[in-house]
Structure formats: structure tokens, C-alpha cells
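Undergrad: Okay, handing you the structure first.
The values are calculated or read from the model by the stated rules, or taken from the named source; none is laboratory data. Just so it is clear, the structure is predicted and the values come from calculations on it, not from any experiment. Every residue, glycine as well, gets a Cβ built from its backbone with ideal geometry; the counts of neighbours run over all protein chains shown.
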């Protein structure tokens, strides 16, 4: 059964401020600002956060409505896709999402919510028809999902039958298999609900990846280090928690100073870290 949970205090208020960003900003900047919001929140309240999504109901472009709790009664997972009509990467991945959903609709539900206030239901309906999309689509509106909507587009959020947030990932998926792997990863026999995967991508101000950056994932009692590979990627796996991410070592010519402290959330995340050149 779906259990309604308490949202993180003040996160929607903070997120609404972030929503003032113009859509012309790069996805990298949007990600960085979103991380700043989360870290600021963590500094204000260090208590553990229950990573559950509040129930919501949203009108859909087919004239119906979508209620999270009702949908979860009949499905193992729900994928929330945050997109916009002006987002080319969203248009690129939608056919793959449609294909993956058609194959798994008996156990996985999809709701695609536009983050653009000007995307009316009529415009969303026309977009869906043009793209051949048949899963529920609507607009974020007053659902209270601003914190996810402002991370960048497209964003995929996975929620399980209890309303627990399992993953929030920003970025385009390039095949139906990518989405199917996502579904299987959070419902298959290999899924471990007691472990989170944090994928870190380090970039400079020109959006170039940075290798050999050592990062610490720290709790109050210990730190575990990971180092980015030649593609600027590092993966850390651990129990769901608010880890304090610290820059331990950087290549010559880069600063190890971040504008704000960064903290993870207790679910799978992909996090971009921007490093400045000295």
C-alpha cells in the first residue's frame, strides 16, 4: 500500500526560487544550481530525510487524471518524466520511452509532466499526437514536484509501490533498452533496496570532463574515497544516506574549492560537480 510521507521542509519554497532560471540556461548550470539548493537545505537541517514522494493528482492531456497512489496499487514502479516542448533531448528520448513502456506497461506506469508553465494541456495533447506518445502526459502545475522539475530536462524519477523515491537522474536516454534496464534495475532480482548508487561526473567551466579527481563520501564517522576515471566519472555505492561530498584531490591547474557543500539524497543520483581552473 502507498504510504503518504512528509516532504522535506522548505524544499518547494527553495525550488520555486530556482524556477526563476530562464530556460535558455545550460543543463549543466541548472544541475549545479539544483545541487546548490539541496546542499543549502542540508546545511539548515541535518536530520535524516525520508525519501518518499507525497501523493498527487494531475489532469492529463487525454481528458483524464493521474493519481500516484491509485496508480501504484496496480504497478511495481512509476517513472515520472520531467520534460518540456522546447527540449530537444526530451523529444529524442520519448520514442524510446514509449517503446519500453509498451513492453512493460503491466508493471511499470509512466507519467510525463512538462516543466514549462506555458505548455497547456491542449499543447501537450498536440505534442503527444505528433510524437505518437500514448502514456499519460500533463503539466507539473501545482503538484508540489518543483524540486525535481527544476533539476533539468529530461529528468527521470523512479518511485516504488510504497511511494519511495528510488532514483532521480538527469539526462537523455538513447535507446529503449536504456529505459528497460532502468525498470529492471529497480524491480529485478538484482535490485538491492539497501544500497544506493551515486554517479559523479566532474566537469570544468567549458563542460569538459576531468579525470583523476578524488572525492570523499563522508558521514559523521567515516569517509570513503572514489576517483574519477578518464571520462570524468566516479561511482560510489553505499547505504542510503546524506553523504557529504568533499573534494580530496584534483589534477594540477584546478581548484578543489566548491562554492557550497554538497550532500547526497538517500536515493540513486547522478551528480555533476563543477571545478574551476586556478
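Undergrad: Can you tell me which of 241, 211 is surrounded by fewer than 19 Cβ atoms within 10 Å (Cβ to Cβ), out of contact with any strand residue (DSSP E or B) (no Cβ under 7 Å at 6 or more places or on another chain), modelled with pLDDT of 95 or more and not in a strand (DSSP E or B)? Write out each step before concluding.
TA: Working: 241 fails: modelled with pLDDT of 95 or more.
After ruling out the rest, the residue left standing is 211.
Undergrad: While we're looking at this one, here's another question. How many residues are in contact with a helix residue (DSSP H, G or I) (Cβ under 9 Å, 6 or more places away or on another chain) and closer than 16 Å to residue 181 by Cα if we restrict to the stretch 103-115?
TA: The first filter runs over the stretch 103-115 and keeps only residues in contact with a helix residue (DSSP H, G or I) (Cβ under 9 Å, 6 or more places away or on another chain), leaving 103-104, 107-115.
The next check asks that each one be closer than 16 Å to residue 181 by Cα; those that pass are 103-104, 107-110.
Selection size over the stretch 103-115: 6.
Undergrad: Got a number for residues in the stretch 149-185 being in a loop (DSSP other than H, G, I, E, B) and either within 14 Å of the chain's Cα centre (by Cα) or surrounded by 19 or more Cβ atoms within 10 Å (Cβ to Cβ) (or both)? Full working, then the answer.
TA: First pass over the stretch 149-185, keeping only residues in a loop (DSSP other than H, G, I, E, B): 150-154, 161-163, 171-175.
Adding the requirement that they be either within 14 Å of the chain's Cα centre (by Cα) or surrounded by 19 or more Cβ atoms within 10 Å (Cβ to Cβ) (or both) leaves 150-154, 163, 171-173.
Adding up the residues that qualify gives 9.
Undergrad: Can you name every residue in the stretch 82-102 that is closer than 17 Å to residue 170 by Cβ and assigned to a helix (DSSP H, G or I)? Please lay out each step first, then the result.
TA: Here is the first cut: in the stretch 82-102, the ones closer than 17 Å to residue 170 by Cβ are 82-84, 86-94, 96-97.
Once the filter is applied, which keeps residues that are closer than 17 Å to residue 170 by Cβ and assigned to a helix (DSSP H, G or I), the stretch 82-102 yields 88, 89, 90, 91, 92, 93, 94, 96, 97.
Undergrad: Separate question: State which residue pairs qualify: first residue assigned by TED's automatic domain parsing to the domain that holds residue 269 and inside the stretch 151-165, second residue assigned to a strand (DSSP E or B) in any location, beta carbons under 9 Å apart, and separation of 6 or more residues or different chains.
TA: none
Undergrad: Given the criterion in contact with a strand residue (DSSP E or B) (Cβ under 6 Å, 6 or more places away or on another chain), closer than 15 Å to residue 133 by Cβ and surrounded by 15 or more Cβ atoms within 10 Å (Cβ to Cβ), identify the matching residue among 100, 91, 84. Step through it out loud before you land on a result.
TA: Working: 100 fails: in contact with a strand residue (DSSP E or B) (Cβ under 6 Å, 6 or more places away or on another chain); 91 fails: in contact with a strand residue (DSSP E or B) (Cβ under 6 Å, 6 or more places away or on another chain).
The match here is 84.
Undergrad: For the stretch 103-130, name all the residues that are part of a helix (DSSP H, G or I), without any contact (Cβ under 8 Å) to a residue 12 or more places away in the chain and exposed (fewer than 13 other Cβ atoms within 10 Å of the Cβ). Steps first, answer last, please.
TA: Initial filter on the stretch 103-130 (part of a helix (DSSP H, G or I)): 103-104, 121-130.
Still in the running and without any contact (Cβ under 8 Å) to a residue 12 or more places away in the chain: 126, 129-130.
Result: 129, 130.
Undergrad: Would you be able to say whether some residue in the stretch 186-196 is in contact with a helix residue (DSSP H, G or I) (Cβ under 7 Å, 6 or more places away or on another chain) and either in a loop (DSSP other than H, G, I, E, B) or crowded, with 22+ Cβ neighbours inside 10 Å (or both)?
TA: Taking the stretch 186-196 and keeping what is in contact with a helix residue (DSSP H, G or I) (Cβ under 7 Å, 6 or more places away or on another chain), we get 191.
This time we only want the ones that are either in a loop (DSSP other than H, G, I, E, B) or crowded, with 22+ Cβ neighbours inside 10 Å (or both), so: 191.
Yes, the stretch 186-196 contains at least one residue that is in contact with a helix residue (DSSP H, G or I) (Cβ under 7 Å, 6 or more places away or on another chain) and either in a loop (DSSP other than H, G, I, E, B) or crowded, with 22+ Cβ neighbours inside 10 Å (or both).
Undergrad: Turning to a different aspect of this structure: Given (1) touching a strand residue (DSSP E or B) at 6+ places or on another chain (Cβ under 6 Å); (2) assigned by TED's automatic domain parsing to the domain that holds residue 159, identify the lone condition not met by residue 181.
TA: (1)
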